[in-house]
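So the structure is just underneath, and the comments pick up after that.
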Amino acid sequence: DAKTTQPTSMDCAEGRAANLPCNHSTISGNEYVYWYRQIHSQGPQYIIHGLKNNETNEMASLIITEDRKSSTLILPHATLRDTAVYYCIVIKDPRGSSNTGKLIFGQGTTLQVKP
Amino acid sequence: DAGITQSPRHKVTETGTPVTLRCHQTENHRYMYWYRQDPGHGLRLIHYSYGVKDTDKGEVSDGYSVSRSKTEDFLLTLESATSSQTSVYFCAISDNLRGQETQYFGPGTRLLVL
């Protein structure tokens, strides 16, 4: 699976958009970009995933560059409860037993939302 | 939250004692996983299950065994706990989301081995 690079930490003002970048320059054509977050002392929480197209759900938007070598997770109106570690993960189509459980969590980006 | 519960949520035990952690799910998911999380290592897969009585090892399986006698329960056993197994343990299930198997995690069990 492709390696990802994320900034170690970021700050964001409450109510403003938080834009979290991720580089995955070695991504291959059948690999998906997943984002999870982990709020202190809780289990990781799925946010969003995508392959090529930009995606949006009730939590966030995912913007993937045309060459797919990087992506940005956007939290449109950050709140204090969005303070967490955000993980960008690249994984092959996980269907199929050989890929089962192959979520590799790196160090992620610690997002601090400030009042 | 995908209907996942873990028990106990916190446990303190002594070196050499057996410990069993339970993961329970209510939505009949086929795939279940056990991870551990330690500072500087992120989450690491211990074992996973792809059905009743069907399990396989992850990257850090030494010292751990698992069992899945029914769909809803996935048990992780430390046969003889060691201090190096002090960690936070997360259970996860896999659900199909937009055609992709996406993992959802439980709240975690904090284990301290003295």
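The values are calculated or read from the model by the stated rules, or taken from the named source; none is laboratory data. Only a predicted model underlies this, so the values are computations on that prediction, with no experimental measurement involved. Cβ atoms come from the backbone with ideal geometry, glycine included; neighbour counts cover every protein chain shown.
List of remarks:
- Only residues that are among the polar types (S, T, N, Q), over 16 Å from B:R110 (Cβ atoms) and in a strand (DSSP E or B) were counted across the range B:6-37, and they come to 1.
Yes or no, residue by residue, for (1) modelled with pLDDT under 95; (2) within 28 Å of A:T8 (Cα to Cα); (3) within 12 Å of the chain's Cα centre (by Cα):
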residue	(1), (2), (3)
B:L45	yes, yes, yes
B:L76	no, no, yes
B:A81	no, no, no
B:V88	no, yes, yes
B:D95	yes, no, no
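- Residue in the range B:98-110 that is of a type in the set (S, T, N, Q), in contact (Cβ under 8 Å) with a residue 60 or more places away in the chain, in contact with a Leu (Cβ under 7 Å, 6 or more places away or on another chain) and on the phi < 0 side of the Ramachandran plot present: yes
- Hits in the range A:5-52 - residues which are farther than 30 Å from B:C23 by Cα and of a type in the set (S, T, N, Q): A:T5, A:Q6, A:T8, A:S9, A:N19, A:N23, A:S25, A:T26, A:S28, A:N30
- Flag set for B:R9, criterion: touching a residue at least 40 places away in the same chain (Cβ under 8 Å) and among the basic types (K, R).
- Residue among B:Q25, B:Q6 that is within 10 Å of another protein chain (Cβ to nearest Cβ) and crowded, with 18+ Cβ neighbours inside 10 Å: B:Q6
- Conditions (1) basic (K, R); (2) surrounded by 18 or more Cβ atoms within 10 Å (Cβ to Cβ); (3) within 22 Å of B:L97 (Cα to Cα); number of the one not met by B:R30: (2)
- Residues in the range B:76-91 that are crowded, with 19+ Cβ neighbours inside 10 Å and over 18 Å from B:H41 (Cα atoms): B:L76, B:L78, B:A81.
- Within the range B:96-114, the set of residues being within 12 Å of chain A (Cβ to nearest Cβ) and not hydroxyl-bearing (S, T, Y) comprises B:N96, B:L97, B:R98, B:G99, B:Q100, B:E101, B:Q103, B:F105, B:G106, B:P107, B:G108, B:R110.
- For the range B:96-114, the set of residues classified as part of a strand (DSSP E or B) and farther than 21 Å from B:E14 by Cβ consists of B:N96, B:L97, B:Q100, B:E101, B:T102, B:Q103, B:Y104, B:F105, listed by residue number.
- Residue match in the range B:12-22 (condition: within 26 Å of A:I91 (Cα to Cα) and either among the aliphatic types (A, V, I, L, M) or within 14 Å of chain A (Cβ to nearest Cβ) (or both)): no
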